[in-house]
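Each reported figure results from applying straightforward, stated rules to the coordinates on display, with no laboratory input. Keep in mind that this is a model prediction, so the values were computed, not measured. Cβ placement follows ideal geometry from the backbone for every residue including glycine, while neighbour counts extend to all protein chains displayed.
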Amino acid sequence: MQIHKCMIALIIYSFFIHTCFVSGDPTEDFKIERLPGQPYFTFQQYAGYVYVDNAKTRALYFYFVEAETQPESRPLVLWLNGGPGCSAIGYGLFIEHGPFRPKGDILIKNEYSWNKVANVLYLEAPAGVGFSYSTNKSYYTLVNDHMTAQDSLEFLNGWFTIFNKYKEHDFYIGGMSYGGHYVTQLANLVVEKKPSYKLKGIALGSPLLDFNTDANARDEFYWSHGLISDNVYHLRLTVCNSSQNLRESLITGNISSACNTTSILSLEQVGASTNLNDVTGDICLSSDTSQSQTESSINPQKFGTYIDVCADNTTTKYLNREDVKKALHAKLVGVNSWELCSE
């Protein structure tokens, strides 16, 4: 009788455990309890992988942070960084508009985080960027914008299956730089395929849309600010301009001697001590993060936040820590270290 009672109890217990497992919240596997050095917070954050092919050879990595207040009624924003090959985790999350920024060995709160007003999903795409990977190495030689958009759409379909409650939220896709291609092509696919989630709009920040217009503006900008001479500017206009330079480096991978020469002349005159994205701003002068502990490129009294001019170095160091990767449910596949931008 005693054995019989124990068997019944065991069966009931097993049924209870199985029921809990089957009906449990699938998002729990992705939940981040706390990142190393992270300050106090009340919102939820998640991270992990979603496979984007049937053979499960490609997995895209994401970080998702819920809005600080009323996440159930806030919009959902997908953020993509450009490059091509640059990380939305490294740049978008930890340098630009995520809830935290690395400072030395700790994280500090970003007073201008987008999750104050929205639920934000950061995606590293395509595979090979950041923690995203392909175990089929031939993919890296074949990947193009169309494949990137297709994989990002598969990611969204998989992600919304896990985070099902966000299907009813207003959904936006945003990005910067080469994201001008990523965002628009993904949005076009979403409109074509008509999935169950609700795309409301897109946002483009300093996007690359047209090589001739966007890239050649840099030559004129440097010249008009006295950073390159009249002669070098003339060479850029007549021999090889920035758009041709980009096409050769990004598309053919074979830079002509004309483009190589004019590019070297231009960069020599601009100088290594110039911030190419903000010619009046500071640059990181050290290979470590000591400078960022004492200097700020923006007056903190005016803007009320900490600016790390060595943010690239600080973020790269933080994301290569084993305890950080473990907390983020991230891993390195086929590479020895995490990088802000990947070839």
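Brief remarks follow.
- The protection proxy used here, the mean number of other Cβ atoms lying within 10 Å of each residue, ranks peptides 174-185, 121-132, 260-271 as follows, highest first: 121-132, 174-185, 260-271.
- Protection proxy ranking of 81-94, 189-202 - average other beta-carbon atoms within 10 Å, highest first: 81-94, 189-202
- Rounded if a/c under 1.5, otherwise prolate or oblate - region 89-176, Cα gyration tensor axes: oblate
- Computed lengthening from SER337 to ASP170, 0.36 nm per intervening residue step minus Cα-Cα distance: 56.5 nm
- As computed over region 228-270, the Cα convex hull volume per residue (Å³): 56 Å³
- SER257 versus GLU72: modelled label distance in nm, points set 7 Å from Cα along the beta carbon direction: 7.0 nm
- Considering only beta bridges that DSSP places wholly inside region 64-155, some 60 percent are antiparallel.
- For the pair ASP210 and SER249, a Förster radius of 25 Å applied to the C-beta separation gives a FRET efficiency near 0.90, rounded to the nearest 0.05.
- Helix 211-224 vs. the chain, principal-axis angle (Cα, 0 to 90°, nearest 10): 50 degrees
- Angle between the chain longest axis and helix 179-193 axis [Cα atoms, degrees, rounded to 10]: 50 degrees
- Each helix, a run of at least 4 DSSP H residues, gives -39500 (n - 2.57); summed and divided by the residues of the chain, these come to -11000 deg cm²/dmol at 222 nm.
- Dimensions of region 30-109 along the principal axes, based on C-alpha atoms and rounded to the nearest Å, stand at 40, 32, 22, largest first.
- Hydrodynamic radius of the chain per Kirkwood, over alpha carbon pairs, in Å: 22.4 Å
- Listed by chain and number, the lysines placed with their C-alpha closer than 22 angstrom to that of LYS116 are LYS31, LYS103, LYS165, LYS167, LYS198, LYS200, LYS302; residues fewer than eight positions away on the same chain are left out.
- Estimated FRET transfer efficiency (GLU33, LEU237; beta-carbon r; R0 56 Å; 0.05): 0.50
- Each of SER229 and SER138 was given a label point 7 Å from its Cα along the Cα-to-Cβ line. The distance between the two points is 5.2 nm.
- Taking θ as phi - 60° and the Karplus parameters 6.51, -1.76 and 1.60, the scalar couplings of region 38-48 work out to 7, x, 4, 8, 10, 7, 9, 9, 9, 7, x Hz in sequence order, x denoting glycine and proline.
- Against the chain, whose longest principal axis is taken from its Cα atoms, helix 145-162 shows a tilt of about 30°.
- Backbone N atoms of region 33-52 closer than 11 Å to the 7 Å Cα→Cβ label point of ASP25 belong to residues 44-45.
- If the segment from VAL191 to TYR51 were pulled out straight at 0.36 nm per residue, it would be longer than the present Cα-Cα gap by 48.2 nm.
- Working from the Cα coordinates of region 66-121, the gyration tensor eigenvalues give, after taking √(5λ), semi-axes of 20, 16, 6 Å in decreasing order.
- Summarising the strand pairing of the chain, around 55 percent of its internal DSSP beta bridges are antiparallel.
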